[in-house]
Amino acid sequence: MGLNTKKYIERRNTILADLETMLDACETETRALNEEERTKYDAWMKEIREIDNMLQVEEETRGLETMTPAGEDKREEVETRAFAAYIRGQVVEEREAANLTKSDNGAVIPETIANRILEKVKEKAPIYAMATKFTAKGDLVFPIYDESTQKITAAYAEEFSALTSTSGKFTSITLSGYLAGALSKISRSLVNNSDFDLVSFVIDKMSEAVADFVRKEAIVGTASKMTGLLSTENKVTAAAATAVTADELIDLQMTIPQIHQPGAVWIMSRNTFKAIRKLKDGDGNYLLNKDATRAFGWELLGNHVYIDEFMEDMAAGKKPIIYGDLSGMYIKLVESPSVEVLREKYADEHAIGVIAWIEIDSKIVEPQKIAVLEMAAS
């Protein structure tokens, strides 16, 4: 139960020692307990009884184990079994709550399986993990204050003098829900192997496909659908079309307000990263530093670096570097994905297709947190 019996026993022994000392003094002086001593005696005896009760409860409950009703499996085990049966095309009767419900896009993935998929997506798509996430269905409308029109300010004031009011313009951004399907192909030999952990394999493949889609759209975006980080209007333009300088990286970093700097990161392609690795400061020190506390292990000007294959390389007019606090990107990914199994389409490949259908959208809701470096036009 977690009761610190040693501490309570030591406290009980201390009380008994104090009690004996007090009673010995009364016996030596041949007198009864005075009012103060009687108050102490009552308090000590009450505390001893409370300790004895707690120790008794600890003794009685020690060794008791949580019992599971007969025939009751854990929810995750039941849903895992039902999900594996659905992929294999088997009919398995489970409790009604565990049976996969059908939707227009196939079967709704059980909650425990969906949670495992989304956790894997966070691991495989750091952009999604660092973004501000929402799972509610329907449109989400976020008000945005536009300081470019007129900034609300504070000023000194005198009694009986009116303040001059200032007001800014509020706009709004809506997170909708766009249907997207992430396809994974699985060998029929694996599907038919009863000893193979099919569910874990499918979760890994589905999460990888979803993560790739989320990473691409969160970076590049698609016109009239998801908005990518590269669409931000907060940018620094490089002097050259195919090279970047240390000063330009500093300029890009400084476009983000100081309050957002602690959580800011760099995102770039592998080729851009390779070019920046060769940059040095005025003292001949490389700008990039090793960071053993991070998975990829590099820091640039004090902030962590992420490499992503969906980032553009340095070329005329391209945007090869993103910098900022990615919580400024809002992503809505509804936590009720569905799955559809294509059993015949890939029969000539001795495989089946598994499509994870998701409802997703992304928008830059806090633009002051995100900036990009844009290369010169030529």
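The values are calculated or read from the model by the stated rules, or taken from the named source; none is laboratory data. Just so it is clear, the structure is predicted and the values come from calculations on it, not from any experiment. Ideal geometry is used to build each Cβ from the backbone, glycine not excepted, and the neighbour counts take in all protein chains shown. We work out accessible area using only protein heavy atoms, side chains counted, and drop any ligands, DNA or RNA first. Shrake-Rupley method; radii C 1.70, N 1.55, O 1.52, S 1.80 Å.
Remark: D247 falls outside the filter, which requires a residue to be of a type in the set (D, E, K, R), at pLDDT 90 or above and closer than 24 Å to S327 by Cβ. With respect to the conditions (1) over 22 Å from the mean Cα position of the chain (by Cα); (2) more than 17 Å from A376 (Cα to Cα); (3) open to solvent by 40 Å² or more (accessible area, probe 1.4 Å); (4) free of Cβ contacts under 8 Å to residues at least 60 places away in the same chain, I259 falls short on a single one, namely (1). When residues in the range 221-252 are screened for being under 21 Å from the mean Cα position of the chain (by Cα) and more than 12 Å from D361 (Cα to Cα), 1 of them pass.
Within the range 14-43, being more than 24 Å from E59 (Cβ to Cβ) and either touching a residue at least 12 places away in the same chain (Cβ under 8 Å) or not in a helix (DSSP H, G or I) (or both) holds for D18, M22, E29, T30, R31, A32, L33, N34, E37, K40, Y41.
Entry remark, the range 180-219: residues being assigned to a helix (DSSP H, G or I) and farther than 26 Å from Y330 by Cα number 10 in total.
Here G284 meets the list (1) modelled with pLDDT of 90 or more; (2) of a type outside the set (D, E); (3) surrounded by fewer than 18 Cβ atoms within 10 Å (Cβ to Cβ); (4) not in a helix (DSSP H, G or I) almost entirely, failing just condition (1). Scoring R11 on the criteria (1) part of a loop (DSSP other than H, G, I, E, B); (2) modelled with pLDDT of 85 or more leaves a single failure, condition (1). The criterion of at least 1 residues that are surrounded by fewer than 23 Cβ atoms within 10 Å (Cβ to Cβ) and either more than 21 Å from the chain's Cα centre (by Cα) or of a type in the set (D, E, K, R) (or both) is met, among strands (runs of 3 or more DSSP E) falling completely within the range 300-378, by 338-342, 351-364, 370-374.
The single residue among R49, R81, R62 that is at pLDDT 75 or above, over 30 Å from E20 (Cα atoms) and of a type outside the set (G, A, S) turns out to be R81.
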